[in-house]
Structures are given as structure tokens and as C-alpha cells.
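Novice: Mind looking over this structure? Questions follow.
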Amino acid sequence: MKNNPSLVQSVQLLDSPDKLRNIGSAVVKEAIARAMIRKTKSGAARTGLQILKGEKVPESFKKAFNIRVDAHGAALENWPRLGAAQGDYFEVCYEDAGAGYCECWPDAPDFEQRITNISETRLQTLAGVAKDEIAKHFAPEEIKVLQAHGLVKI
Amino acid sequence: MSEASRLNDVSLILKCTRRCNFACSYCTDRRKSTRPLNFENLVHIIASTLERESAGNTTFIFHGGEPLTLGREYFQKLLDVETLCVPNPETIRNIIQTNASLIDDQWAAFFRRNHIQVGVSQDGPADVQDLQRRYANNRTTSSDVRRGVECLLRNEVGFGVLCVVTPAIMKKGAHELFDFFLRSGVTRVGFLPLRPSSAEFASPEERRAFYKQSARYAKFMGEMYKIWVDSGDTSIVIRELSNIMSTLLGGSSTTCVGSGPCVGRHFGVEPSGEVNHCDKFLTDERFSFGHIAEQPFSAILRSEALKRAQELEMGLRENCARCDWFTQCKGGCLYHAALFAGAGLQDRSEVCHLRPIYDLIDSDIRRRIGESVKLPNSSTVADHPMGSG
């Protein structure tokens, strides 16, 4: 069996931004950067990735690491900032990127806002099926099913 | 999210209807009955899943047939039931898998308003799509599907495309597929290997043909990987390759394949209300857990049938334990493992379609890291105590 963990460990050899830049493919670089971020979050290794103020930030990096950019997509500040809190970056789940979910969601700076946005939308839906309105949304036989499950009491 | 809470996450593939306006050449999912999952069973499954003990996150995947043939009212009611059931809607994730032929601006607005993620089944350029994914009346579908995809893009609905890698797709070539999806504005693509039914896998000749096809799939994905990384385009994500890269680098897979044990975490629900392990095991009694109307979901989670299926799963996955990549792929898709074991075959890694892809990506990343750290006055990766693997 191969010593598979050594690939994870060998990421630590990329201990400077230059070495990461030399990887040659932005796709592979991003995968490695994600691995570094995972390490950083666990406190096991420092990140060699750096984006300087004014540098163009790839769209996926912007999403993945929550980097603030100007109208032209250039970084508004060095990233990561000196002494940045770990919560300044979070990992985006590829599957969920479009929906704004991610596995480290609670770490995101706009976590509260996201929760609020989604909850408000859902609450509007809920308002649409408030108990006194229920008959407008469900047929009588459907209401019986809902009653059987204790979901409505009318 | 902690590991403990993830253990209580479940996903359910709801076969809302078997009715489909398409008749795809490779479909093994068509059934005579086209009656949809009715309201009563729908409430049973949603309420008892969301009310299960120590519930974590719940993902409902609305599948078919073609679920959009049921109309928006069906799904609006379904969402209303979800809302009545749970005070914390952020623990629910809704996904719909569609052929996109019926998507219009109203559907797109509905998906967006209700945070429903969309998976589109599309087999690439028009000639391949029209060859293997036709309407039931034999009309071509590519222009309608393209219009549906454009509608999702225009309305900024988050979606990904699933493409089944058939011989026609492989003949088309990875380059053309990659360019097609890039041109179409699709940024998330999954390339699925063909899956034979158990019956199709019964004869040695058919098994040999399938594994030959699997080897061609691995080659296709290897070509796709090279095209993708050479493009340097991080705006497009190729799901299977991203997951392999992620698991090689210590991360996790975003899909069930590569996430390890799946029995008890993923379920398939037939329109009749029968519950099974995932939709690929609908006809396998070893992975069948009864009818949702006869027992709440919590009872299914505690059932002897589920425990037996979990033990069976462990045995099936152990067949892969000697493979170099078992730590990363964790035995891959259980359906493939079950087919392999059912045929009485011995060394699965010999025929596994994932192994060559892992080999390729691992060696490519190692090479890149090795070349990158070869700076003047510094040691090479080979000299480094961690080695190059």
C-alpha cells in the first residue's frame, strides 16, 4: 500500500507563495490551497498562499476564501491579513457553492446574515401556510393527512 | 459542523414519479406504473424523516422519471409540508434532478425563491444528446434542454449538470465535452459512469464488456483531468475529479462516492412509498426496509433490516481494503461493490475504474510539488524525509 498521507504532508513543502505559484495549474493550486486552509484551520500548518492587494482574485478563490474585491475583481487588501482570525476563510463545498452552504458555514463572517436571509424567505413561506390560511393551500383530504401527523390543528 | 452531527445527516432520493417525457437509450429506471408519490406518503416520509431522533441535516433529492411533469403545485405543497414540520428550515436542503426540458422562467423563479438546487441531466453536444436522450415520442431534445439551461443561467439559479459517459460520449472526446460545457456557461459538471442492472451483469461476457467500458471511462476521465488542469480554469468544477483531488489532499468528497459507509445515511423512496438503500438498490431485497406508511423513519433507522444491510456493506467494502486508495475512496460506490461481489469475482482493484484516476492525479500533484520545491540551494522532494511517495 502506498504511503498516501505523504501527499498531504508534502503540501507543507510549499512553504512560500513562490513555491505555490510554481505549481503551474490554477486548478491544482486551488486544490492545494484548500488543503493548506484545512491545515491552517486545524492549526497544524501555516499557509503559503498569499494574495496581495490589487492582485486579480480568481472567482472561485473569492468565494472560497471570502476575499473582498473591487469592481474589477482585484483584492482590496492583502490576504490573509496579518493576524486574521481563522473565521476569515472558509471552505466552500463544491456541491453547495451556488446555494451558499459550506461545511464550515458557521465560521463565515456573514454566517448570521446568511441564516437570516434564508430563514426570512422560509418564514415568508411559513406565513403563507399559517394555520388560519391552511385551507387555501391544501385540499380537505390533504388537511386530514396533515392533522393525522399533528402538523395542523384546525 | 462536527463529525457527530454529520452522522445524523440523511439524504433521501424521492422517486416522486416514474412518469418521464424522455425515453433515454440507457435508462433502466422506467416502470409500468406512473402513479406519483401521493400526498399521504409524501407527508409520512417528510414528517417522519424530519422528526427522527437526534436529527441532523436532511437532504431531499426529488427524482423521477421527470419530476417536473408533476407541476409546481406538487412541489409547493411539498415545501409547505416541510415548513410545517420543522422549525429550523436551514437544516433542510432540497435538490431536484431534471432533464431540463420543461424549465421555464416560472420554474426557475420557483427554484430560486425556494433555494432548491438543480441537477440537470444533459449528455453534452446536440448530436450525442439527441442520440441517447430523446423524447418518448422520439423527437429530439437538445434544443429544449439548451433553452432550459439558459433559463437557469438567466435567472441565476445554482445548478450542475450530470452527464452519463456512454460510448458515444467517449467517442466525442474529453476536449469537445469540456469545451461544450464551458461554452454553455455550465460551471459544475459530473461525469457518471454507466451502471448496468444486476440482470445485465449476470453473464461473464456482459461483465467483461462492462469492465472494458469502465477502463475506457477511466481513460476518458484521465484525459478530462489533463484538459481541465491545463486550462487553469477554476471557474469550472468537474465533480468526480475535484473529489479525488480533495480526498488525496486530506479533504472530503462532496458526494456519496468517496464518503465511505452509506447504508443508513442515504435512502431511496419509490412512488409506492417503499424505502430502500438509495435508488440503485430498489430491486435488491437485502437493502429493502419496508413501507414508509407502516413504520416511521426512526423505526427504519433502528430496524434489524438496516443493521443487516450495514453489516453486509462492511463486508462488501472490505473487498477493497488492500487497494492503495482505500483510505481515499473508501470502497467507492456500494452498488459497484455489490455487483462485483455478486459475480463471485476476486480482486476488485484490478477492474476498478477509480484506481487509474487516483494513480494519475496523485502522480501529477506529486510531480508538480516536486518541481515546485526544486529551488536553488534547497533539497528535492526525493531528499526530503517525507519523500515523494
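The values are calculated or read from the model by the stated rules, or taken from the named source; none is laboratory data. All values reported here derive from a predicted model rather than from experimental measurement. We place every Cβ from the backbone using ideal geometry, glycine too, and count neighbours over all the protein chains shown. Heavy atoms of the whole protein, side chains included, go into the accessibility calculation; ligands, DNA and RNA do not. Shrake-Rupley method; radii C 1.70, N 1.55, O 1.52, S 1.80 Å.
Novice: Filter region B:308-327 down to the residues that are closer than 24 Å to B:Ala47 by Cβ and of a type in the set (D, E, K, R) and list them by number.
Specialist: none
Novice: Just the residues that are modelled with pLDDT under 90 and in a helix (DSSP H, G or I), please, taken from region B:339-368.
Specialist: Within region B:339-368, B:Leu339, B:Phe340, B:Ala341, B:Gly342, B:Arg348, B:Ser349, B:Glu350 qualify.
Novice: If B:Arg19 passes every condition in (1) out of contact with any strand residue (DSSP E or B) (no Cβ under 7 Å at 6 or more places or on another chain); (2) within 13 Å of chain A (Cβ to nearest Cβ) but one, which one does it miss?
Specialist: The number of the failed condition is (2).
Novice: If I filter region B:243-258 down to residues being of a type in the set (A, V, I, L, M, F, W, C) and more than 8 Å from chain A (Cβ to nearest Cβ), which single residue comes out as least open to solvent (accessible area, probe 1.4 Å)?
Specialist: Step by step, filter region B:243-258, then rank; the result is B:Ile244.
Novice: Which one is most open to solvent (accessible area, probe 1.4 Å), of the residues in region B:128-150 that are in a helix (DSSP H, G or I) and farther than 12 Å from B:Ser184 by Cβ?
Specialist: The extreme case among them is B:Leu131.
Novice: Hey, another quick one. Among the candidates B:Glu371, B:Glu294, which residue alone is more than 30 Å from B:Glu51 (Cα to Cα), open to solvent by 20 Å² or more (accessible area, probe 1.4 Å) and not β-branched (Val, Ile, Thr)?
Specialist: B:Glu371
Novice: What pairs can you find where one residue is in region B:172-187 and under 17 Å from B:Arg239 (Cα atoms) and touching a residue at least 12 places away in the same chain (Cβ under 8 Å), the other is surrounded by fewer than 17 Cβ atoms within 10 Å (Cβ to Cβ) and polar (S, T, N, Q), and their Cβ atoms are less than 9 Å apart, with a gap of 6+ or different chains?
Specialist: B:Phe178/B:Ser231; B:Leu182/B:Ser231; B:Leu182/B:Ser235; B:Thr187/B:Ser235
Novice: Can we say B:Thr69 is modelled with pLDDT of 90 or more and hydroxyl-bearing (Ser, Thr, Tyr)?
Specialist: In short, yes.
Novice: Among the numbered criteria (1) under 21 Å from the mean Cα position of the chain (by Cα); (2) modelled with pLDDT of 85 or more, which one does B:Leu37 miss?
Specialist: (1)
Novice: Hey, can you tell me all the residues within region B:297-309 that are open to solvent by 70 Å² or more (accessible area, probe 1.4 Å) and touching a residue at least 24 places away in the same chain (Cβ under 8 Å)?
Specialist: Once the filter is applied, which keeps residues that are open to solvent by 70 Å² or more (accessible area, probe 1.4 Å) and touching a residue at least 24 places away in the same chain (Cβ under 8 Å), region B:297-309 yields nothing.
Novice: Continuing with the same structure: What's the total number of residues in region B:312-337 that are more than 14 Å from chain A (Cβ to nearest Cβ) and either more than 23 Å from the chain's Cα centre (by Cα) or of a type outside the set (Asp, Glu) (or both)?
Specialist: Qualifying residue count for the region: 13.
For (1) within 27 Å of A:Glu142 (Cα to Cα); (2) under 21 Å from the mean Cα position of the chain (by Cα); (3) at pLDDT below 95; (4) of a type in the set (Phe, Trp, Tyr), each residue gets a yes or a no:
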residue: B:Glu53; (1), (2), (3), (4): yes, no, yes, no
residue: B:Gly65; (1), (2), (3), (4): yes, yes, yes, no
residue: B:Pro87; (1), (2), (3), (4): yes, no, yes, no
residue: B:Glu90; (1), (2), (3), (4): yes, no, yes, no
residue: B:Asp104; (1), (2), (3), (4): no, no, no, no
residue: B:Ala108; (1), (2), (3), (4): yes, no, no, no
residue: B:Gln129; (1), (2), (3), (4): no, yes, no, no
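Novice: Here's a follow-up. I'd like the full set of residues that are of a type in the set (A, V, I, L, M, F, W, C), surrounded by 19 or more Cβ atoms within 10 Å (Cβ to Cβ) and closer than 30 Å to B:Cys163 by Cα, limited to region B:25-67.
Specialist: Residues satisfying the conditions are B:Leu37, B:Leu42, B:Ile45, B:Ile46, B:Phe60, B:Ile61, B:Phe62.
Novice: Residues of region B:151-195 being in a strand (DSSP E or B) and either open to solvent by 30 Å² or more (accessible area, probe 1.4 Å) or farther than 21 Å from B:Asn94 by Cα (or both), which ones?
Specialist: B:Leu162, B:Val164, B:Val165, B:Arg188, B:Phe191, B:Leu192, B:Pro193
Novice: If you go through region B:259-274, how many residues are open to solvent by less than 30 Å² (accessible area, probe 1.4 Å) and either modelled with pLDDT under 90 or within 15 Å of B:Glu40 (Cα to Cα) (or both)?
Specialist: Counting residues in region B:259-274 that are open to solvent by less than 30 Å² (accessible area, probe 1.4 Å) and either modelled with pLDDT under 90 or within 15 Å of B:Glu40 (Cα to Cα) (or both) gives 4.
Novice: Continuing with this model, one more query. Among the residues of region B:313-344, write down those that are crowded, with 18+ Cβ neighbours inside 10 Å and among the small types (Gly, Ala, Ser).
Specialist: Passing the criteria: B:Gly331, B:Gly332, B:Ala337, B:Ala338.
Novice: Looking at region B:196-234, which of the residues that are among the polar types (S, T, N, Q) and crowded, with 16+ Cβ neighbours inside 10 Å is nearest to A:Val57 (Cα to Cα)?
Specialist: Among those that are among the polar types (S, T, N, Q) and crowded, with 16+ Cβ neighbours inside 10 Å, it is B:Thr234.
Novice: Continuing with this model, one more query. Can you tell me which residue within region B:160-197, out of those that are touching a Ser or Thr at 6+ places or on another chain (Cβ under 7 Å) and modelled with pLDDT under 90, is nearest to B:Ala343 (Cα to Cα)?
Specialist: B:Ser197
Novice: Return the residues of region B:348-372 that are more than 14 Å from every other protein chain (Cβ to nearest Cβ) and either without any contact (Cβ under 8 Å) to a residue 24 or more places away in the chain or of a type in the set (D, E, K, R) (or both); say none if nothing qualifies.
Specialist: Answer for region B:348-372, where residues must be more than 14 Å from every other protein chain (Cβ to nearest Cβ) and either without any contact (Cβ under 8 Å) to a residue 24 or more places away in the chain or of a type in the set (D, E, K, R) (or both): B:Arg348, B:Glu350.
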